[in-house]
Amino acid sequence: MKNRQWLLARRPNGAIQDSDFNFAETDAPTPGEGEVLVRNLMLSCDPTQRGWIAFDTYLPAVKIGEVVRSIGAGRIVASNNPDFAVGDIVSGLVGWQDYVAMNPKGQLNKLLPGAPLELAMSALGVTGITAYFGLLEVGRPVAKETVVVSGAAGATGSVVGQIAKIKGCRAIGIAGGAEKCRWLTAEAGFDAAIDYKSEDVQARLRQLCPKGIDIFFDNVGGDVLDAALARLAMRGRVVLCGGIANYNATEPPPGPKNYLNLVVQRGRMEGFLVLDYMARAGEAIAALAGWLQAGKLKNKVDVQLGLENAPATLRRLFEGRNEGKQLLRVAE
Ligand SMILES: NC(=O)c1ccc[n+]([C@@H]2O[C@H](COP(=O)([O-])OP(=O)(O)OC[C@H]3O[C@@H](n4cnc5c(N)ncnc54)[C@H](OP(=O)(O)O)[C@@H]3O)[C@@H](O)[C@H]2O)c1
């Protein structure tokens with residue numbers, strides 16, 4: 001069995017290039033004592049991978065020559081571990097490759113047999129868990145409050161806005177392009193959407209949030225964060241989930257200009273990492289699954305095909321080309 005692998009060739013400078021990686025082929029590994037061999041089926045594409053290949057973050061940077069780190073799901077095809085059987089479907093940090101051998105203890109989670117991978121790796125996976133705890137535990141919404149979400153048509157943002165609606169809040173999304181904005185209001189149930197590519201975000205926020213923003217859930221950073229800070233309501237909360245507008249920056253980005261409005265409005269700005277909530281994942285998944293079943297939560301996935309397309313598929317996130325959660329199917 002051959003194993004195709006994407007290895008990190010150099011650290012990216014600006015936008016990710018194909019030449020930042022080498023596509024290599026080797027023999028599939030043999031699982032050692034206590035290990036399993038996983039055939040990867042579906043890879044998750046996440047903006048944080050840009051950080052993982054660039055510098056140390058909350059995880060050490062991927063080393064030059066190593067397989068690119070990626071969340072994914074696969075089928076166990078050989079097992080030397082009594083707790084994991086051939087045929088089990090598992091998820092974890094499996095990397096950009098066809099096969100991976102690893103000790104599954106604490107590293108791989110079993111997925112429900114027969115559960116669609118698209119769902120298990122989007123609204124019922126890390127994305128949904130991020131939206132759930134980020135909004136409910138860090139943002140702490142109260143019914144009738146105004147929640148503004150950036151990156152709103154994306155995987156995390158779209159779930160955040162819909163949970164805000166479920167909790168009785170007004171949800172306003174900021175996204176790039178007319179079609180994404182249409183989807184937010186016509187299909188995902190947002191009260192309003194702002195197209196940051198063609199509209200004046202600050203002016204639209206003034207119009208749509210006359211009493212200010214109670215919660216700003218930020219996936220983007222940069223000018224959009226500044227516009228929201230300027231419009232914060234009394235005791236407003238800014239939930240820092242990510243800042244994709246600056247992930248490709250080659251110079252440190254300027255600080256937010258309007259942060260002193262946090263003082264005036266007695267506001268709170270707080271970052272969080274979903275990793276800190278993984279022990280409670282079951283709680284989020286149960287709630288999200290209930291909302292999906294009740295038709296209160298729409299889940300959009302964008303599935304590209306072929307391991308050979310991994311760099312191009314990751315790039316889609318930074319080009320705003322993904323429609324919902326970006327996934328890459330690498331085998332059936
Ligand atoms: N804190 C955590 O634990 C955690 C966990 C998961 C994800 N995150 C963060 O959550 C955010 C969303 O991640 P996701 O996986 O859900 O991805 P996503 O939102 O599905 O995809 C990324 C989206 O970002 C937008 N974007 C790209 N470049 C942009 C720019 N220069 N300015 C404004 N928007 C831009 C694009 O939408 P448009 O077409 O609308 O521009 C794109 O579709 C990221 O910042 C990610 O790092 C954090």
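Would you say ASN109 is surrounded by fewer than 19 Cβ atoms within 10 Å (Cβ to Cβ) and over 19 Å from ALA279 (Cβ atoms)?
No.
Looking at GLY189, GLY157, GLY212, which one is near the ligand (Cβ under 9 Å from one of its atoms) and either within 25 Å of ARG321 (Cβ to Cβ) or out of contact with any Phe, Trp or Tyr (no Cβ under 9 Å at 6 or more places or on another chain) (or both)?
The match here is GLY157.
Working only within the range 49-87, note down all residues that are hydroxyl-bearing (Ser, Thr, Tyr) and buried (at least 20 other Cβ atoms within 10 Å of the Cβ).
SER70
Of the residues that sit in the range 293-315 and are out of contact with any Asp or Glu (no Cβ under 7 Å at 6 or more places or on another chain) and assigned to a strand (DSSP E or B), which one is farthest from VAL126 (Cα to Cα)?
Once the filter is applied, the top-ranked residue is LEU305.
If a residue must be over 22 Å from ALA188 (Cα atoms) and under 17 Å from the mean Cα position of the chain (by Cα), how many such residues does the range 287-311 contain?
3
Would you check if ALA143 is closer than 18 Å to ILE213 by Cβ, part of a helix (DSSP H, G or I), away from the ligand (no atom under 14 Å from the Cβ) and without any contact (Cβ under 8 Å) to a residue 60 or more places away in the chain?
Answer is no for this residue.
Quick one: is GLU323 of a type in the set (Asp, Glu) and surrounded by 13 or more Cβ atoms within 10 Å (Cβ to Cβ)?
The answer is yes for GLU323.
Which residues, counting only those in the range 251-292, are within 14 Å of the ligand (Cβ to nearest atom), part of a loop (DSSP other than H, G, I, E, B) and touching a residue at least 40 places away in the same chain (Cβ under 8 Å)?
Residues satisfying the conditions are PHE272, LEU273.
Here is a list of conditions, (1) assigned to a loop (DSSP other than H, G, I, E, B); (2) within 16 Å of SER44 (Cα to Cα), and THR127 meets all of them except one; can you say which number that is?
Only one criterion is unmet by THR127, namely (1).
Return only the number of the condition from (1) crowded, with 24+ Cβ neighbours inside 10 Å; (2) within 17 Å of the chain's Cα centre (by Cα); (3) of a type outside the set (Lys, Arg); (4) away from the ligand (no atom under 16 Å from the Cβ) that ALA131 does not satisfy.
The number of the failed condition is (4).
Which numbered condition trips up TRP96, out of (1) surrounded by fewer than 21 Cβ atoms within 10 Å (Cβ to Cβ); (2) within 29 Å of GLY221 (Cβ to Cβ)?
(1)
None of the figures in this text is laboratory data; all of them are computed from the coordinates on show. Nothing here was measured: the structure is a model prediction, and the numbers come from that model. Cβ coordinates were reconstructed from backbone atoms using ideal geometry, including for glycine residues, and neighbour counts include every protein chain displayed.
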